[in-house]
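The structure appears below as structure tokens.
The values are calculated or read from the model by the stated rules, or taken from the named source; none is laboratory data. Predicted model, so just to flag it, every value in this text is computed and none were measured. Here the Cβ is made from the backbone with ideal geometry for all residues, glycine too, and neighbour counts use every protein chain on show.
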Amino acid sequence: MVPVAAFDTSVITDNLDPLLDGLLLTVEVAAAGFGIAVVLGLPLALAGASVSPLLRAPATAWIALARGIPLLVVIFWLYYAAAQQGLFSLGDFSAGALALGLTGSGYMAEIYRSALNAVPAGQREAAAAIGLSRSQAFRLVLVPQAARTALPPAMNLFVMLLKGATLVSVIGMADMFYVAKLVAVNEFKPFELYTAAAVLIIGVTLVAALAAGVAERWLSRGQR
Amino acid sequence: MIAGVDFTPVWEQRGALLSGIGTMALISVVSFALSIVGGLILAGMRRSRSVPIRVAGFVLIQVMRGIALYVLLLWLFFGLAAAGGFQFNPVPAGILALSLLNSAYMAEVFRAGYDAVPPGQKEAALALGLSRWTWFRTVHLPQVVQVSLPAMGNVFVDIVKDTSVLSVVGVTELMRESQRWAQFYDLPFEFYTAAAAIYLAIVLVVTVAWRRLERYSRRHLVHAEATPPRRRLLFGFALPGTR
């Protein structure tokens, strides 16, 4: 093993700006994917809870596909396979964000479903009793209460997508690991650069995970 | 739109894909077994009477849950190996990385399972004169395992899916084989679609088999309230939660 004294921090500080730019790109692709998952998840959850099998079957199949196929396979499929067939051609960022969003939508649908189920049935009955329409009851009574239950697992999903977003560099997105690899090869300091990159991304994930914990406690304040 | 799809090369390379599936299965099972051991150790650390051990367990679990598998693999393979002047063998290194990260998830699973057993069980066992070891082995552990089984199944499914990431450091599992032949034939659509279908099929088989195992673990419970309500078909299982 190399002694600790040989750990060269200057190669990290010299390249900190491109590394941080790359880190920002990873966070951005994760955030875009999370946004797609949040938007797709709700209709998916509602369709999955529908009484009509015409809505339920495709939703169940979608969730099975989203949760059963590894993220890396989805990224490769969207980036290489779809382009070969001329279905669509995506850049590395869009392919990564879409892969994260499609995978995340399956998880997000489950989060919405259990959050909506967690609202006591009496709330719906009470809303109907005071004369709210079905859409009003959903919008004014169900959603605010379900959001409180859904937020902590949703933030955990964001952490999961953030970790998944590091994979987008395999299709050539110039993120932090791409930068780390370039500099590591040029300066021959792989240990320093990969350690710095790992510490930076772990820092971001831990902050996001801590925020999820704080949000959970903050949202459950004032509850019995 | 979809013109000239040709799956015959996929069928011709079925031997390579099957050997990739074999590697995947081997790595998954070994990593899962090691994660159970690591999870028990970490969960034990969290319950230790010594404060430093408890804190160390907490920090280890938090950090390992924050690390992406891809990041850990890159660091081991290109960082640590270069600093130490040695080379990792991809398969053991992949198993090491998978086991380390999933030990932390497994520790959380066991901790929740441990807390879910009512304290009266312990009091009753000790009142009957059982030794602490007998209580743990014959009363406590079976109940913890039974409560933890569904969440353990989720970890196993995640491990199976995560083996695909090992392809980036050269483990010749299913994804690596698919990539190799997709490039060889220049048919990414056929090979990646096949890979997705195979992963999905394996995940479904594992999920169904695990359901049977859970039902088998509850076979002695005759009371209606001891049987949890029927869960939704296949993918209605517990929330992704911490992943």
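Points to keep in mind about this one:
- Whichever residue in segment B:81-127 is more than 25 Å from the chain's Cα centre (by Cα) and not small (Gly, Ala, Ser) and, among such residues, is farthest from the other protein chains (Cβ to nearest Cβ): B:LEU126
- In summary, A:GLY86 fulfils each of the numbered conditions (1) part of a helix (DSSP H, G or I); (2) facing chain B (nearest Cβ under 9 Å); (3) without any contact (Cβ under 8 Å) to a residue 12 or more places away in the chain with the single exception of condition (1).
- Test for A:GLU192: is it crowded, with 23+ Cβ neighbours inside 10 Å, among the charged types (D, E, K, R) and over 17 Å from the mean Cα position of the chain (by Cα): yes
- In segment A:177-206, the residues that are facing chain B (nearest Cβ under 10 Å) form Cβ pairs under 6 Å with partners that are modelled with pLDDT of 85 or more and not in a helix (DSSP H, G or I), at six or more places apart or across chains, as follows: A:ILE202/B:ILE67.
- Filtered residue count, segment A:63-94, keeping only those that are within 18 Å of the chain's Cα centre (by Cα), surrounded by fewer than 20 Cβ atoms within 10 Å (Cβ to Cβ) and hydrophobic (A, V, I, L, M, F, W, C): 3
- Test: residue in segment B:155-176 that is farther than 30 Å from B:GLN87 by Cα, more than 11 Å from chain A (Cβ to nearest Cβ) and at pLDDT 90 or above: no
- Annotation note: Cβ proximity below 7 Å between a residue of segment A:14-34 that is touching a residue at least 24 places away in the same chain (Cβ under 8 Å) and a residue that is crowded, with 22+ Cβ neighbours inside 10 Å and among the charged types (D, E, K, R) (sequence gap 6+ or interchain) occurs for A:GLY22/A:ASP175; A:LEU25/A:ASP175; A:THR26/A:ASP175.
- Qualifying residue in segment A:141-156 (condition: in a helix (DSSP H, G or I) and closer than 23 Å to B:SER164 by Cα): yes
- Residue satisfying all of: in segment B:55-66; surrounded by fewer than 21 Cβ atoms within 10 Å (Cβ to Cβ) and of a type in the set (A, V, I, L, M, F, W, C); nearest to the other protein chains (Cβ to nearest Cβ) among these: B:VAL63
- Residue match in segment A:211-222 (condition: surrounded by fewer than 23 Cβ atoms within 10 Å (Cβ to Cβ), within 18 Å of B:PHE78 (Cβ to Cβ) and within 10 Å of chain B (Cβ to nearest Cβ)): no
- A:SER50 more than 10 Å from chain B (Cβ to nearest Cβ), within 30 Å of A:ALA147 (Cα to Cα) and assigned to a loop (DSSP other than H, G, I, E, B): yes
- When the criteria are applied in full, A:GLY101 fails the requirement of being away from every other protein chain (no Cβ under 12 Å) and free of Cβ contacts under 8 Å to residues at least 12 places away in the same chain.
- Listed by first and then second residue, the pairs linking a residue in segment B:192-212 that is within 24 Å of A:PHE76 (Cα to Cα) to a residue that is among the acidic types (Asp, Glu), with Cβ atoms under 9 Å apart and 6 or more places separating them unless they lie on different chains, are B:ALA195/B:GLU177.
- Selection status of A:ALA97, out of contact with any strand residue (DSSP E or B) (no Cβ under 9 Å at 6 or more places or on another chain), of a type in the set (Gly, Ala, Ser) and crowded, with 24+ Cβ neighbours inside 10 Å: yes
- Condition check for B:PHE78: surrounded by 12 or more Cβ atoms within 10 Å (Cβ to Cβ) and either aliphatic (A, V, I, L, M) or under 26 Å from A:LEU72 (Cα atoms) (or both): yes
- Screening segment B:1-120 for helices (runs of 4 or more DSSP H) wholly inside it with 3 or more residues that are in contact with a helix residue (DSSP H, G or I) (Cβ under 7 Å, 6 or more places away or on another chain) returns the ranges B:14-46, B:51-66, B:69-74, B:90-116.
- Checking each residue in segment A:13-41 for being more than 12 Å from chain B (Cβ to nearest Cβ), of a type in the set (A, V, I, L, M, F, W, C) and either buried (at least 19 other Cβ atoms within 10 Å of the Cβ) or not in a helix (DSSP H, G or I) (or both) picks out A:LEU19, A:LEU25, A:VAL29, A:ALA32, A:PHE34, A:ILE36, A:VAL38, A:LEU40.
- Against the list (1) crowded, with 17+ Cβ neighbours inside 10 Å; (2) more than 28 Å from A:THR195 (Cβ to Cβ); (3) away from chain A (no Cβ under 14 Å), the condition B:VAL10 fails is (3).
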